[in-house]
Amino acid sequence: MSPAIGATLNRVDGRYKVRGESRYSAEVPVTNLVHAVVVNAKVASGRITSIDTGAAEQATGVLAVLTHRNLGRVANVPRLLPSLAGLAAPGQTFFPMQDETIHYGGQPVAIVVADTIERADHAGTLIRIEYETTPATTLLDQARDRAYVPERIFGGLLPGQSSRGDVAKALAEAEVRVDATYRFAPNHHNPIEMSASTAVWDDVDRLTIYDSTQGPNAVQLTVAELLGLPPISIRVVSHAVGGSFGSKAMVWHHPALAALAARHVGRPVRLVLTREQMFTSCGHREEQEQRVTIGAHADGRITALRHHKISLTSSFDDWAEPSLQSAAVAYLNPNYEGIYHLVRGNTITPTFMRAPGEASGMFALECAMDELAERVGIDPLELRMRNYSDTDPESGNPWSSSGLRECFQRAAELFGWHDRDPRPGSRREGQWLIGTGLASALYPVTQPVNPQRAKARIYNDGTAVVEAGVSEFGTGVFTAMTQVAADALGLPVERVRFVGGSSDLPNITAAVGSAGTSAVGSAVHVTACELRDQLIRRAVGDDHSPLHGADPARVEVRDGKMVLSDRPDVGETYSDLLHRTMTPDVEVLGTWNPPPQDAGYGIHTFGAQMAEVAVDADLGVVRVRRMVGVFAPGRVLNRKLAHSQLMGGMLWGLGQALLEATRMDPRLGRWANASLADYLVPVNADAPDVVVDTVEMRDDVVNPIGIKGVGEIGVVGAAAAIANAVHHATGRRIYELPITLEKLL
Ligand code: MOS
């Protein structure tokens, strides 16, 4: 039996997905169901002076209209803490419809509950709301003078500033300096499945929420606090989730609003956000600007890095995506200073968005590195190698594993990097200017803080079920868990089923920070090994077993049969043992304790990105022709899934580089392109020839299965490689994302 880990197993949920049989949270059949529609504020700042719900209440099919006057107060809004912690995790510390104040455009101001979604929607248009408006801040440029340095950012996880060495002195003494400022448009996640919650109170006053989330437990704990209920009163189920990218990493208002509405009308309530509401209800990547100053020797060796960021946050939370985190440790730089500046504005609190911080921060650093390479006359790849650090430059600790050099070497072969003529504008094919660029990719290996649990049960027919609360939001985690459990139990994958997606199952932290598969995978591995060992101990202790009296350490399991390692003909199957001992099944609950955060290693995931672009010399149109990404994510559980994740990430980088931008209309304080028609994401026609490869590095530090995560590293550096290629093609550096054609004219 060959190992399941590493095999290219098709998705265990694939056939249900392609047949349309997967149950998303807005599709779960529920009897007596009614529908809620949220009405949003049309102004960005001010207060409601009057609200007339009379006509809406009279409309056909309407059961209730809820506003701040009759919704009731929430018990407690938990503090903002990333869902990685495994605790309650609200997306922001403001809960709407508690008073008449308006903090941002699109803030929920009313909920209509009706027997059909169309009737609820129509009744919502009949509500008359008068506002007294106050000036709103919706753009960074409107309030730069009010910027401040927060004490902590990112839900309290990171300091607002950090430094080492003497950056001012080192910059002053540097032989070469690059100083550049990069601007980033806000971005939205746009998963295909909109967020949706179906709230059902049962006859014992227990609430079930079918929710579209990355963390059923986080939803359970957050809604419990908001409603003032014990967690035992709430169960959250996520059968299937149609994408998230961070929009469902934190717990926003809709599950609690659905629960409150359901309690109010005494019937199950379904609340599905509209596509437009997805732009104002689940956070976004914030508008930001980053200034990078690099000091270096004439041979390109970096002596100093100063990295400052200014971004727009909400009026209640100090949120900034951690753009400085990976850039700070990407290269050997003895003198460093990183500072976040925030401007409070009239927006929902921004949130995690795929490669939160790394996608922007590494863009700035890697574009500045390209400029440095040009200034010192060194190949960009050689510049990265010259500044490669064997240790984490911040702590001085060795990397648990790296692979950056190996990734660049492999990428250069696959891409054909070494034939490059470094002169910008040196290659032309008719109308098209051709250029190539590269960038490093770094993404931290985030570890859950709390123990991770799973349950494994083997039946006397030799099949096993493994359970943990994690939801499947498109990553293929159920498939990967089937593989991890199969190998640990010594069973073929067909005899193992993984069940997840419920807060009733053993607690798993929300699948965020590219740590979902490693967190649940480690718990599943530990648990399945414990179950296997327990069965082996039973066999060697049973005088009817052919293994009786053997040393358990010398017994292994192959294809469901426990055998002596050196005499595979001696042994018996799990099924034989369980039948003989009249045992229907054996079950264990296992726990994986993540290593402490300061385990004496720098833990990061590394990769190399390369891109080739063609720029229309007259029209400024940029077409990406080729992308090559090579990554070192530790061990690869399933090549097909991992490559899909990495390729998806790279295409996100293409979107970030050339297409994605949410445009704020500052006169209205509202997003001007809140639809998939106007917010551009890459489609197949934009997708070039994308080559993905992995370099497997052994890592015994990160977790027992040696994986670092593939969910986000693919995004990092992809946009910088494209921007650097645009420069190589045209000789022009564009400092503002996305790089649209008017910026190149
Ligand atoms: Mo991921 S953006 O941490 O959900």
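The values are calculated or read from the model by the stated rules, or taken from the named source; none is laboratory data. Please read all numbers here as calculations on a predicted model, not as lab measurements. Heads up, the Cβs are rebuilt from the backbone with ideal geometry, glycines too, and the neighbour counts pull from every protein chain shown.
Tabulated results
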| read-out | value |
| --- | --- |
| One residue from A89, A59 being of a type in the set (G, A, S), within 16 Å of the ligand (Cβ to nearest atom), surrounded by 14 or more Cβ atoms within 10 Å (Cβ to Cβ) and farther than 17 Å from L271 by Cβ | A89 |
| Exclusive hit being touching a Pro at 6+ places or on another chain (Cβ under 6 Å), more than 30 Å from P424 (Cβ to Cβ) and surrounded by fewer than 21 Cβ atoms within 10 Å (Cβ to Cβ), set T605, T573, T662, T583 | T662 |
| Residue selected from the stretch 320-373 under the condition more than 16 Å from the ligand (Cβ to nearest atom) and among the polar types (S, T, N, Q), by the criterion surrounded by the most Cβ atoms within 10 Å (Cβ to Cβ) | T347 |
| Every pair of residues 6+ apart whose Cβ atoms lie under 8 Å, when the first sits in the stretch 152-178 and is on the phi > 0 side of the Ramachandran plot while the second is part of a strand (DSSP E or B) and modelled with pLDDT of 95 or more | G165/A304; G165/N335; G165/Y336 |
| Subset of the stretch 191-227 (residues that are charged (D, E, K, R) and surrounded by 24 or more Cβ atoms within 10 Å (Cβ to Cβ)) | D211 |
| Selection within the stretch 477-534 - within 16 Å of the ligand (Cβ to nearest atom) and on the phi < 0 side of the Ramachandran plot | V477, I508, T509, A510, A511, V512, A515, G516, T517, S518, A519, V520 |
| Number of positions in the stretch 218-247 that are within 16 Å of the ligand (Cβ to nearest atom) and not small (G, A, S) | 4 |
| Of all residues in the stretch 699-744 being under 12 Å from V615 (Cα atoms) and in a loop (DSSP other than H, G, I, E, B), the one that is nearest to the ligand (Cβ to nearest atom) | I739 |
| Of all residues in the stretch 490-516 being β-branched (V, I, T) and modelled with pLDDT of 95 or more, the one that is surrounded by the fewest Cβ atoms within 10 Å (Cβ to Cβ) | V499 |
| In the stretch 445-476, residue nearest to D585 (Cα to Cα) [restricted to those that are of a type in the set (G, A, S) and within 14 Å of the ligand (Cβ to nearest atom)] | S471 |
| Segments classed as strands (runs of 3 or more DSSP E), wholly inside the stretch 225-327, with at least 2 members that are modelled with pLDDT of 95 or more and under 30 Å from E337 (Cα atoms) | 288-296, 302-313 |
| Condition met for M250 (among the aliphatic types (A, V, I, L, M), touching a helix residue (DSSP H, G or I) at 6+ places or on another chain (Cβ under 8 Å) and within 16 Å of the ligand (Cβ to nearest atom)) | yes |
| Yes/no for L9 being buried (at least 16 other Cβ atoms within 10 Å of the Cβ), of a type outside the set (D, E, K, R), modelled with pLDDT under 95 and under 27 Å from E321 (Cα atoms) | no |
| Q58, sole failed condition from (1) in contact (Cβ under 8 Å) with a residue 24 or more places away in the chain; (2) under 17 Å from A114 (Cα atoms) | (1) |
| Matching residues in the stretch 531-586 - criterion: being charged (D, E, K, R), over 22 Å from V466 (Cβ atoms) and part of a helix (DSSP H, G or I) | R554, R580 |
| Answer residue from the stretch 99-118, given it is of a type in the set (A, V, I, L, M) and within 25 Å of R267 (Cα to Cα) and is surrounded by the most Cβ atoms within 10 Å (Cβ to Cβ) among those | V112 |
